[in-house]
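Report on one structure; see the data block that follows.
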Amino acid sequence: MTPADPLHGRRVLLIVSGGIAAYKALELIRLLTGRGCAVRCVLTENGAQFVTPLSLQALSGEPVHTTLWSLTDENEMGHIALSRSADLVVVCPASADILAQMAAGLASDLATTLLLATDTPVLAAPAMNVRMWQHPATRANMDTLRARGVHLVGPDEGVMACNEFGPGRLSEPPAILDAIAALLSRAPPQDLLGRHALVTAGPTHEPIDPVRYLANRSSGRQGHAIAAALAARGARVTLVSGPTVLPPPPGVAAVAVETACEMLAACEAAVPADVAVLTAAVADWRAASPSSAKLKKRPGKATLSLDLVLNPDILALLSAPGPSRPRLVVGFAAETDALLENARAKRVAKTCDWIVANDVGIDGGGVMGGLHNQVHLVTEAGIESWPRLDKTEVATRLAARIAAHLAGSPAP
Ligand code: CTP
């Protein structure tokens, strides 16, 4: 199977600043739209000396933005929203002046305001006279921008419009296109913006006495990876995790719990959510009456019995019909035998929408706590088997499936 084109269905905000190379931005738009990528253009005042808004609009098929002070534009899409509406911001050509403004954090026009306000990755394609490129001021600006994570393509070396030779020529549009594709294949689309995702992870610890508890081998890795993958697509994520050594992924609201009852209470407090992904290995049982004092060995007593009571089934409770049921509820089923049969039965019994059936019998039983998973996605429509994957890759795929599923429903 050929991997999907990273440009298809993606959105680029193209900032065209002043420079003779601005005409190459027109070719770039053609290449991007030809690959199914939506392009919205921002043209600076200097850029408009070289290309017209009409050409950018005709090629992109989208309105072109030129000023911070357009009431129509602000009405249609405020400049802050515009700065965040894309998967990638591309500055092409990036003049010495706009690079200097970016490095200084200036917001003097629409383009620089967007660049300051955005949290979207930025790719700059510099183009300028060789002396300007080599000037210590530009060198320092480039160091600053690189250190802040701005991606760069070019400049190339060659004869310039001013007949000088050296580095400073805008990279050719196909090379800029490749750089965009490479970045977009890394940056996931922000298709879960405005969504709330609830994820449970890790084991639960059920106390027996103040120093002992019932637990299992879950590391929390898969749940943490899913929380990170959903957050990377723009979702607001609440991660309710039992005890693990993992730090919560950045940008995720983490709630630390110990027992199944605490996990249930935290989940109930976290809904409403658009999607709930329950990966936690919740202990099915807890001690009926945990001792408040440490249990001591009794001389002559070789056995000890412990009364257990069933824990609440969080997945079944969250899946029950009602106003706070998430639109999509995804459970996990860790099995060693009759994987698919058990998973199918669990999906029906717990009334969740999907079950990710997890073969914990592979890798010599080292899946729990390990780095890989071999899963099957069990839905009403059938079963989809995924290859043995790194847990982060399972998370990425699942997040993409969730985003596609929710795409049909309005964000709250
Ligand atoms: N689960 C839950 N609350 C529980 C038990 C399980 O929310 N008390 C969830 C898990 O997070 C997982 C799914 O239910 O998403 C299936 O968990 P699993 O342990 O495989 O199934 P059990 O219901 O515990 O069934 P069994 O142990 O009998 O296989």
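The values are calculated or read from the model by the stated rules, or taken from the named source; none is laboratory data. Quick caveat: nothing in here was measured; it's all calculated off a predicted structure. All Cβ positions, glycine included, derive from the backbone under ideal geometry; neighbour counts span all protein chains shown. The area values use the complete protein model at the heavy-atom level, side chains included, leaving out ligands, DNA and RNA. Shrake-Rupley method; radii C 1.70, N 1.55, O 1.52, S 1.80 Å.
Given axes a ≥ b ≥ c from the Cα gyration tensor, I'd like to know whether the chain is rounded (a/c under 1.5), prolate (a/b larger than b/c) or oblate.
Details: a/c = 2.70, a/b = 2.46, b/c = 1.10.
Taking the square roots of the gyration eigenvalues as a ≥ b ≥ c, the chain is prolate.
Would you list, by chain and number, the aspartates and glutamates whose Cα falls below 20 Å from the Cα of LYS296, excluding same-chain residues fewer than 8 positions away?
The qualifying aspartates and glutamates are GLU206, ASP209, ASP307.
In deg cm²/dmol and to the nearest 500, what is the mean residue ellipticity at 222 nm of the chain if only DSSP H runs of at least 4 residues count, each as -39500 (n - 2.57), divided by the residue total? It would help to have the intermediate numbers written out before the result.
On the way: 14 runs with 135 residues, N = 412.
About -9500 deg cm²/dmol.
Under 16 Å from a point placed 7 Å out from the Cα of THR379 along the Cα-to-Cβ direction: which residues of the stretch 330-356 have their backbone N that close?
What the label zone holds, given the 16 Å backbone N cut-off, is 330-332, 344, 347-348, 352-356.
Taking the alpha-carbon distance from LYS346 and a cut-off under 28 Å, which lysines remain once sequence neighbours fewer than 8 residues away in the same chain are dropped?
Counting by Cα, and skipping residues close in sequence, LYS346 has these lysines nearby: LYS391.
Among the DSSP beta bridges whose two residues both lie in the chain, what percent are antiparallel, rounded to the nearest 5? List each step's numbers first, then the result.
On the way: 21 of 64 bridges.
If we restrict to bridges inside the chain, about 35 percent are antiparallel.
Exposed loop sites here are GluC sites (Glu not before Pro) in DSSP loop states with at most 14 other C-beta atoms within 10 Å. What is the longest stretch of the chain lacking them?
Details: sites that count: GLU45, GLU164, GLU380.
Segment 165-379 is the longest.
In Å, the Kirkwood hydrodynamic radius of the stretch 11-185 over pairs of distinct alpha carbons? Spell out each step's value before the answer.
Working: mean 1/r = 0.0630 Å⁻¹.
Over the stretch 11-185, the inverse of the mean reciprocal pair distance is 15.9 Å.
Hey, if we sort ASP156, ASP274 by accessible area with the 1.4 Å probe, largest down, what's the order? Don't skip to the end; give the middle numbers.
Numbers: ASP156 55, ASP274 20 Å².
Order by accessible area, largest first: ASP156, ASP274.
Considering only protein heavy atoms, what per residue accessible area in square angstrom results for the stretch 196-406 with a 1.4 angstrom probe? Don't skip to the end; give the middle numbers.
Working: 10260 Å² over 211 residues.
The answer is 49 Å² per residue.
Heavy atoms only, probe 1.4 Å: what % of the accessible area of the chain goes to carbon and sulfur, would you let me know?
Numbers: 11100 of 19840 Å².
The computed percentage sits at 56.
So if I average 1/r over every pair of distinct C-alpha atoms in the stretch 220-350 and take the inverse, what Kirkwood radius in Å does that give? Show your work: numbers first, answer last.
Numbers: mean 1/r = 0.0594 Å⁻¹.
Hydrodynamic radius (Kirkwood, Cα pairs) of the stretch 220-350 is 16.8 Å.
Using only the Cα atoms of the stretch 93-184, build the gyration tensor, take square roots of its eigenvalues as a ≥ b ≥ c, and label the shape rounded, prolate or oblate: rounded if a/c is under 1.5, else prolate if a/b is larger than b/c, else oblate. Spell out each step's value before the answer.
Working: a/c = 1.93, a/b = 1.26, b/c = 1.53.
Oblate, because a/c is 1.5 or more while a/b does not exceed b/c.
To the nearest Å, what is the center-to-center distance of the stretch 216-262 and the stretch 63-137, using C-alpha atoms only?
So the separation of the two Cα centres works out to 36 Å.
Over the chain, with a Gaussian network built from C-alpha contacts below 10 Å, which listed residue (ALA235, ALA338, ALA38) shows the highest mean-square fluctuation?
ALA338
What list of ³J(HN,Hα) values in whole Hz, one per residue of the stretch 282-296 in order, does the Karplus curve 6.51 cos²θ - 1.76 cosθ + 1.60 (θ = phi - 60°) give from phi, with Gly and Pro shown as x?
Once rounded to whole Hz, the list reads 6, 5, 6, 10, 9, 4, 4, 9, x, 6, 7, 10, 4, 6, 9.
Label HIS135 and ASP119 with points 7 Å out from Cα along Cα→Cβ: what is the distance between them in nm?
3.5 nm
Express in Å², to the nearest 10, the accessible area of ASP307 obtained by rolling a 1.4 Å probe over the protein heavy atoms while all chains stay in place.
Number for this one is 120 Å².
Determine the per residue accessible area of the stretch 11-185 with all protein chains present and a 1.4 angstrom probe, expressed in square angstrom. Please report the intermediate quantities before stating the final value.
Working: 7700 Å² over 175 residues.
Per-residue value: 44 Å².
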